[in-house]
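The values are calculated or read from the model by the stated rules, or taken from the named source; none is laboratory data. Predicted model, so just to flag it, every value in this text is computed and none were measured. Cβ atoms come from the backbone with ideal geometry, glycine included; neighbour counts cover every protein chain shown.
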Amino acid sequence: MQTGILLMTYGSPRDLDDVEAYITRVRGGRVPGPDMLAEFRRRYEVIGMSPLIEITRNQAAALERELGSEFRAAAGMRFSEPSVGAAAEDLRARGAERILGLILSPQYSPILMAGYARALEAAADALPVRCVQAWHLNPAFIDVLASRIRAALARFPDEKRDQVPVLLTAHSLPKRVVVREPEYVEQLLESARAVAAAADLAPERWSFAYQSAGHTPEEWLKPDMLDVLPQLASAGHRDVVLAPVQFLADHLETLYDVDVGGREQAQNAGFETFVRIDSPNAAPDFIAALADVVRGELAAWEQAEREAAWARA
């Protein structure tokens, strides 16, 4: 049986002229005001636009090669092209007889991510579909991030390396979402603890913060990366490694929020060295981790189908 693997993520604007339409889709049809639009256009211009779509396509192509001839993989975006629907149609045209959706966020929230599953189910038509949920503790995935932290720390001289703090981050959320779904935040913290342990970081060596809070007046999750960095500097640190535990490809939140905004805050606080770990992107070890997630989910899917058949017999 040919299995289609649909990698799903947010998407990004094609160019500066597409920023308004993209942000409007992300905001559920609410057009951004002039100030918000100008700020987003500025950020995308600073980073030369987001490479997310190209990277996700590369991830899909590499995953298809990793899994072998019985698999087809495609990339689908929730808020831009190629859409989830277009990707599902591509998989169908290439012979897929069932589709497994894999959201490129290891931590799963029904509230935040139900839209992906709905889009996949609508696009798949009569094909059997299933969506991977949380895979935030997959050992291969944890090892990918831990290896990136070790590589970042290796850039420091021997006499400094063991003293450099590591700040693990995840995308912030409105506090109201967490009240409804506290399990999501616990998944983020579980990932952070697992990555820190795999990287052999002592408890006092690492901390956790949120980043990329939205442009709304409501309360967002704390502590924020931009607040924690000055606190680390006040404790006497002059070097820091920043390690997102949720972002699997370079995009606005890494290339601007961390590399520009975070670095500027760190420099203003007195840091001499600010290092972000390399994003997984389409690196072979990360593609192998995705393949491990896929194989595990397919085994669970097939077991569930066997049990359902036994129940009907």
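Of note:
- Taking the conditions (1) touching a residue at least 40 places away in the same chain (Cβ under 8 Å); (2) part of a helix (DSSP H, G or I); (3) touching a strand residue (DSSP E or B) at 6+ places or on another chain (Cβ under 8 Å); (4) surrounded by fewer than 18 Cβ atoms within 10 Å (Cβ to Cβ) in turn, residue 39 satisfies each one other than (3).
So that you can scan it fast, the table gives a plain yes or no per residue for (1) closer than 28 Å to residue 286 by Cβ; (2) in a loop (DSSP other than H, G, I, E, B); (3) of a type outside the set (A, V, I, L, M, F, W, C); (4) in contact with a Lys or Arg (Cβ under 9 Å, 6 or more places away or on another chain):
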position: 185; (1), (2), (3), (4): yes, no, no, no
position: 191; (1), (2), (3), (4): yes, no, yes, no
position: 200; (1), (2), (3), (4): yes, yes, yes, yes
position: 210; (1), (2), (3), (4): yes, no, yes, yes
position: 260; (1), (2), (3), (4): yes, no, no, yes
position: 267; (1), (2), (3), (4): no, no, yes, no
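- Qualifying residue in the range 52-59 (condition: part of a loop (DSSP other than H, G, I, E, B) and either under 15 Å from the mean Cα position of the chain (by Cα) or over 24 Å from residue 262 (Cα atoms) (or both)): no
- Residue match in the range 219-236 (condition: acidic (Asp, Glu), assigned to a strand (DSSP E or B) and crowded, with 18+ Cβ neighbours inside 10 Å): no
- Scanning the range 87-127 for residues that are within 26 Å of residue 171 (Cβ to Cβ) and without any contact (Cβ under 8 Å) to a residue 24 or more places away in the chain yields 113, 114, 117, 118, 121.
- Options 28, 76; residue that is within 29 Å of residue 130 (Cβ to Cβ) and crowded, with 17+ Cβ neighbours inside 10 Å: 76
- Single condition residue 200 does not satisfy, out of (1) touching a His at 6+ places or on another chain (Cβ under 9 Å); (2) of a type outside the set (Lys, Arg); (3) farther than 22 Å from residue 109 by Cβ: (1)
- Listed by first and then second residue, the pairs with beta-carbon distance under 9 Å, at least 6 apart or on different chains, first residue in the range 239-261 and assigned by TED's automatic domain parsing to the domain that holds residue 214, second among the basic types (Lys, Arg) and modelled with pLDDT under 95, are 239/160.
- Considering only residues in the range 156-183 that are in a loop (DSSP other than H, G, I, E, B) and over 20 Å from residue 232 (Cα atoms), the one that is modelled with the lowest pLDDT turns out to be 181.
- Any hit, the range 259-271, residues being closer than 20 Å to residue 8 by Cβ and either surrounded by 15 or more Cβ atoms within 10 Å (Cβ to Cβ) or among the β-branched types (Val, Ile, Thr) (or both): no
- Residue satisfying all of: in the range 122-174; within 22 Å of the chain's Cα centre (by Cα) and among the charged types (D, E, K, R); surrounded by the most Cβ atoms within 10 Å (Cβ to Cβ) among these: 148
- Summed over the range 37-81, the residues that are β-branched (Val, Ile, Thr) and out of contact with any helix residue (DSSP H, G or I) (no Cβ under 7 Å at 6 or more places or on another chain) give a count of 3.
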